[in-house]
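Okay, structure first, notes after.
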Amino acid sequence: MNPTLRNILAVIAGWIVGSVVNAGIVVLGQRIYPIAGIKAKSSDELAAIMLGLDFNYFIFPFLAHALGTLVGSIIAASTAVSQKMKSAMAVGVLFLIGGIIACFMIPAPNWFIATDLILAYIPMAWIGGKIGKRISFK
């Protein structure tokens, strides 16, 4: 297979697997910490609910973003033929873009948004790239 094509497919695979991990952790978090009244009919109602939540309700979203990015980056780096760290970082950038978009769509406290955007994406992609380079699949 063409190495460039395989690198692109590695990023896509990492993005898909990371997204599945992310979604699974979000669902798990909603079962452990269900949010009462989440069926808000307007964005203002949703904002009032989200901004009034305790710290506990933000643990699983952060873990979902961080671990989804980490696993996706490991997959991308380990399956890419070359440019392993760039493949891992590409997954991190894709997840970061999604995180930035989510900031505008889902209200959250500023401390969570800052923590999430600074720690959950690019640092996890870098760590995933380091790990993925060691467990390379060919």
query: With a 10 Å Cβ neighbour count serving as the proxy for reagent exposure, in which order, fewest first, do 54, 116 appear?
result: 54, 116
- prompt: For the chain, what does -39500 (n - 2.57) per DSSP helix run (n ≥ 4), summed and divided by total residues, give at 222 nm, in deg cm²/dmol to the nearest 500?
  reply: -25500 deg cm²/dmol
- request: May I ask you to derive the FRET efficiency for residue 119 and residue 6 from their Cβ-Cβ distance with R0 = 35 Å, giving the value to the nearest 0.05?
  value: 0.70
- line: Going from the fewest other Cβ atoms within 10 Å to the most, one would list 133, 84 as 133, 84
- request: Taking the chain as the reference, fit the longest principal axis to its C-alpha atoms, fit the long axis of helix 3-32 to the helix C-alpha atoms, and give the angle between the two in degrees, 0 to 90, nearest 10.
  value: 30 degrees
field: Degrees, to the nearest 10: 84-105 long Cα axis against longest axis of the chain
entry: 20 degrees
- prompt: Between residue 51 and residue 104, what length in nm is gained on full extension when 0.36 nm per residue of separation is reduced by their alpha carbon distance?
  reply: 17.7 nm
query: When a footprinting reagent is the concern and you count Cβ atoms within 10 Å, what order do 9, 51 take, fewest first?
result: 51, 9
- prompt: Where the centre of each part is set by its Cα atoms, how far does region 116-135 sit from region 44-101, in angstrom?
  reply: 10 Å
message: As a test of the definition: which semi-axes, in Å, follow for region 99-138 when you take the square root of five times each eigenvalue of its alpha carbon gyration tensor? Largest first, please.
response: 29, 10, 5
message: How far apart, in nanometres, would the label points at residue 133 and residue 27 be if each is projected 7 angstrom from Cα along the Cα-to-Cβ direction?
response: 3.5 nm
field: Additional length obtainable on full extension of the chain from residue 97 to residue 36, 0.36 nm per residue less Cα span
entry: 19.1 nm
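No value in this document is a laboratory result; all are computed from the given coordinates. In this text, all values refer to a predicted model and were calculated from it rather than measured experimentally. For neighbour counting, all protein chains shown are included, and Cβ atoms are generated from backbone atoms with ideal geometry for every residue, glycine included.
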